[in-house]
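Novice: Here it is, the structure, as structure tokens.
The values are calculated or read from the model by the stated rules, or taken from the named source; none is laboratory data. Just so it is clear, the model here is predicted, and its values are computed rather than measured. When we count neighbours, we look across all protein chains shown, and the Cβ atoms used for this are built from the backbone with ideal geometry, even at glycine. With ligands, DNA and RNA removed, areas are computed over all heavy atoms of the protein, side chains included. Shrake-Rupley method; radii C 1.70, N 1.55, O 1.52, S 1.80 Å.
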Amino acid sequence: MRRSKQVVMVMAVLLPLGLVATQAAASTVFEVRANDPQVAGDPASDTTARFPTNKQNEPSIAVNPLDSSFLIAGSNDEQRQPPCGPGPVRGATLASDCSFFPGVGTDGVYTSSDGGTSWTNRGLLDDQASWAGSGVISDGDPIITFGPKPAAGGGFTFAHGARAYYASLATIVGRKGFEFIIVSHSDDNGVTWSAPVIGTNKASSVDFNDKNWISVDSTPSSPFFGRVYLSWTEFRSATLTGNGNEPVMVSVSTNGGASFGNPNQLSPAGNNGTGNGRQGSTSDVGPDGTAYIAFEQGPAQVVVVSRDGGKSWTRPITVGPVSDLDAAIPGSNFRTDSFATLAADPRAGSTTLYVAWANKTAAGGRIVVATSTDRGAHWSALAQVSGAEGYACYQGLDVAPTGRVDLGYQALVATNPAVVGTGNARIDAYGASKPVGGNWSTPQKLTSVSSDPAASAQNNLQLQFWGDYNTLVSDSAGAWFIFIDSRNGVGCPAVDAYQKFLADNGLVVREDGDDVFDQRRTGVNPALADPSVKPAPPVDCPDQFGNTDIEVAHFTG
């Protein structure tokens, strides 16, 4: 669903690992699956769901700031997508057709009321009564956050609880444009959700809006308390020949997500083909109401700053150099990115913020963190947090109310980096923390069972698929890291062979989600035009092929 960029390599300046990993290791409290059961309301689906119905990825998690017993998570969730091949939904199609089915949403919702030790699958946003007849179809890339509820007489208050916001991609029936960004809110910890509100109010027949993020000003003393910031990348001229220019945009809501104002353009409209594209925005708000949005711009991570509630923004300020991860981590073939995560210290009077991302080094992917103590004006040298755990990727970052910084990420180890296929690689999750005035802890393994990336797949089967991001949220006691996990899935030798055939013959390999995008543009389902060697999962693969779940690990620093 998110679109990859041309790789740009630069050298990163790193602090020696030994200088940043001197504290005691983090402690894993528990790990648990969030999408429980696989299909909402159907306990048997954990064993009966078949690819791609059993596929989830790109998770987001948020904790109620008033009561950390309540958490909400979301992901790209295909629990309503029909299984591959002919049937009552797909009709008389090929047995190898696993494509996204038009008109079926993909925004999953999961809730916990016991601090994340157990979860309930609430289905899709599209299942909500408020969505009926809206003409909106969710398209994934969820980001969830909490803020104050609107007050009855105007303004905002936490006196009556917290409001959760769920931002995602969506298609809208009858509206021009390939992809919109929508926001839905919940005042009951994710059990029910409002009708979707369009955050991208520009309608163009050639725009593809993507890579969204949402944050809320949650400090009561802030002059902009309750303000919601929604950012994304606007891929302009999304035609058959490419994405065209792609500025980062932001819209602001001052009424609790009931509507969003006209978007501001935060960057020049660079193009990936020139190596100067902008992608992967992330945001947060400091305790004084200063809003920050970071994104990847060419060879650097940058941040823009607003001190007036989103009316105006600074020019991009360089945070640090980015060396994009290998297009596929050796030993696997899923796509990667080096998108950043930003978090501001929420303590009163603090002007500190952190940005983390994955840089390619001679030793593989490593998670680095940059720090600013002056509201983003200047940035430290990069501190490398991950080490020899493997090729690191897909970090999550947050700052606890106490000022402790928490980081989670995944790392891949391959038996043979030159080989791709079932049983060749394993992925685990890791966590680390930085106490106030201290150094980063030694990364702690959070997973008790490793994942095989070959148990995952794009819907078109042409590559493995691990998504574009994971996320993390903290409270005073600890952190919850949420990530894609394939421990319940199995690989398929027939799919391994098909992917090798494509690679050996130099055939075009589409990204996940582009099948449905291309079908909208051309009216042709690309799944029906694939080579005859393409396997049919219902016939050629084990039952649990493609089963990727959403796992939550809780750890303390």
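Novice: Kindly provide the set of residues from the stretch 340-358 that are more than 14 Å from residue 219 (Cβ to Cβ), open to solvent by less than 20 Å² (accessible area, probe 1.4 Å) and assigned to a loop (DSSP other than H, G, I, E, B), ordered by number.
Specialist: Correct list: 340 only.
Novice: Only one residue in 188, 141 is at pLDDT 95 or above, buried (at least 21 other Cβ atoms within 10 Å of the Cβ) and in a loop (DSSP other than H, G, I, E, B), so which one is that?
Specialist: Among 188, 141, only 141 is at pLDDT 95 or above, buried (at least 21 other Cβ atoms within 10 Å of the Cβ) and in a loop (DSSP other than H, G, I, E, B).
Novice: Now for a separate question. Which residues, counting only those in the stretch 388-401, are farther than 28 Å from residue 289 by Cβ and either part of a strand (DSSP E or B) or in contact with a helix residue (DSSP H, G or I) (Cβ under 8 Å, 6 or more places away or on another chain) (or both)?
Specialist: Once the filter is applied, which keeps residues that are farther than 28 Å from residue 289 by Cβ and either part of a strand (DSSP E or B) or in contact with a helix residue (DSSP H, G or I) (Cβ under 8 Å, 6 or more places away or on another chain) (or both), the stretch 388-401 yields 391, 392, 393, 394.
Novice: So, one more: Hey, does the stretch 242-255 have a residue that's within 19 Å of residue 354 (Cβ to Cβ), buried (at least 17 other Cβ atoms within 10 Å of the Cβ) and at pLDDT below 95? Can you show your working first?
Specialist: Step one: filter the stretch 242-255 for residues within 19 Å of residue 354 (Cβ to Cβ), giving none.
So far as the stretch 242-255 goes, no, none of its residues is within 19 Å of residue 354 (Cβ to Cβ), buried (at least 17 other Cβ atoms within 10 Å of the Cβ) and at pLDDT below 95.
Novice: Would you check if residue 418 is closer than 27 Å to residue 455 by Cβ and aliphatic (A, V, I, L, M)?
Specialist: Yes: the conditions hold for residue 418.
Novice: For the stretch 363-373, indicate whether the set of residues that are more than 18 Å from residue 437 (Cβ to Cβ) and open to solvent by 40 Å² or more (accessible area, probe 1.4 Å) is non-empty.
Specialist: yes
Novice: A follow-up question, please. Do you know which residues across the stretch 443-460 are surrounded by fewer than 24 Cβ atoms within 10 Å (Cβ to Cβ) and more than 30 Å from residue 537 (Cα to Cα)?
Specialist: Residues satisfying the conditions are 444, 445.
Novice: Right, here's the next one. Looking at residue 163, is it modelled with pLDDT of 95 or more and touching a His at 6+ places or on another chain (Cβ under 7 Å)? Write out each step before concluding.
Specialist: Details: modelled with pLDDT of 95 or more: yes; touching a His at 6+ places or on another chain (Cβ under 7 Å): yes.
Yes, satisfied.
Novice: Separate question: When the stretch 129-150 is examined, which residues are found to be out of contact with any Pro (no Cβ under 9 Å at 6 or more places or on another chain) and farther than 23 Å from residue 469 by Cβ?
Specialist: Here is the first cut: in the stretch 129-150, the residues out of contact with any Pro (no Cβ under 9 Å at 6 or more places or on another chain) are 129, 132-133, 135, 139-141, 143-145, 149-150.
Listed by number, the residues that qualify are 129, 132, 133, 135, 149, 150.
Novice: What number of residues within the stretch 93-125 satisfy the criterion of being of a type outside the set (A, V, I, L, M), open to solvent by 10 Å² or more (accessible area, probe 1.4 Å), closer than 30 Å to residue 498 by Cα and over 20 Å from the mean Cα position of the chain (by Cα)?
Specialist: 5
This table checks each residue for (1) touching a helix residue (DSSP H, G or I) at 6+ places or on another chain (Cβ under 9 Å); (2) of a type in the set (A, V, I, L, M, F, W, C).
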{"residue": "266", "(1), (2)": "no, yes"}
{"residue": "284", "(1), (2)": "no, no"}
{"residue": "295", "(1), (2)": "no, yes"}
{"residue": "298", "(1), (2)": "yes, no"}
{"residue": "313", "(1), (2)": "no, yes"}
{"residue": "334", "(1), (2)": "yes, yes"}
{"residue": "346", "(1), (2)": "no, no"}
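Novice: Residues that are at pLDDT 95 or above, at least 2 per element: which strands (runs of 3 or more DSSP E) completely within the stretch 1-79 meet that? Before you say what the answer is, go through the steps one by one.
Specialist: On the way: elements: 21-23, 27-33, 56-63, 71-77.
Answer list for the stretch 1-79: 27-33, 56-63, 71-77.
Novice: Going through the stretch 421-437 one residue at a time, which ones are open to solvent by less than 60 Å² (accessible area, probe 1.4 Å) and either among the charged types (D, E, K, R) or touching a Lys or Arg at 6+ places or on another chain (Cβ under 9 Å) (or both)?
Specialist: If the condition is that a residue be open to solvent by less than 60 Å² (accessible area, probe 1.4 Å) and either among the charged types (D, E, K, R) or touching a Lys or Arg at 6+ places or on another chain (Cβ under 9 Å) (or both), then 421, 428, 429, 430, 431, 433, 434, 435 are the ones that fit.
Novice: From the list 466, 440, exactly one residue is surrounded by 22 or more Cβ atoms within 10 Å (Cβ to Cβ), more than 19 Å from residue 58 (Cβ to Cβ) and within 25 Å of the chain's Cα centre (by Cα). Which is it? Full working, then the answer.
Specialist: Numbers: 466 fails: more than 19 Å from residue 58 (Cβ to Cβ).
Of the residues listed, the single one that is surrounded by 22 or more Cβ atoms within 10 Å (Cβ to Cβ), more than 19 Å from residue 58 (Cβ to Cβ) and within 25 Å of the chain's Cα centre (by Cα) is 440.
Novice: If you don't mind, another one. Which pairs turn up if I take residues in the stretch 385-413 that are farther than 14 Å from residue 556 by Cα and look for partners that are part of a strand (DSSP E or B) and modelled with pLDDT under 95 with beta carbon separation below 9 Å, at least 6 apart in sequence or on another chain?
Specialist: Close Cβ pairs satisfying both conditions: 385/21; 387/21.
Novice: If you don't mind, another one. Condition test on residue 385, is it within 27 Å of residue 430 (Cβ to Cβ), at pLDDT 95 or above and in contact with a helix residue (DSSP H, G or I) (Cβ under 9 Å, 6 or more places away or on another chain)?
Specialist: On the way: within 27 Å of residue 430 (Cβ to Cβ): yes; at pLDDT 95 or above: yes; in contact with a helix residue (DSSP H, G or I) (Cβ under 9 Å, 6 or more places away or on another chain): yes.
Answer is yes for this residue.
Novice: Look at the stretch 315-325 and say how many of its residues are touching a residue at least 60 places away in the same chain (Cβ under 8 Å) and either assigned to a loop (DSSP other than H, G, I, E, B) or open to solvent by less than 20 Å² (accessible area, probe 1.4 Å) (or both). If you could, list the steps in order and put the result at the bottom.
Specialist: In the first step, residues of the stretch 315-325 are kept if they are touching a residue at least 60 places away in the same chain (Cβ under 8 Å); the result is 317-325.
Then drop every residue that is not either assigned to a loop (DSSP other than H, G, I, E, B) or open to solvent by less than 20 Å² (accessible area, probe 1.4 Å) (or both), which leaves 319-320, 322-325.
The qualifying residues number 6.
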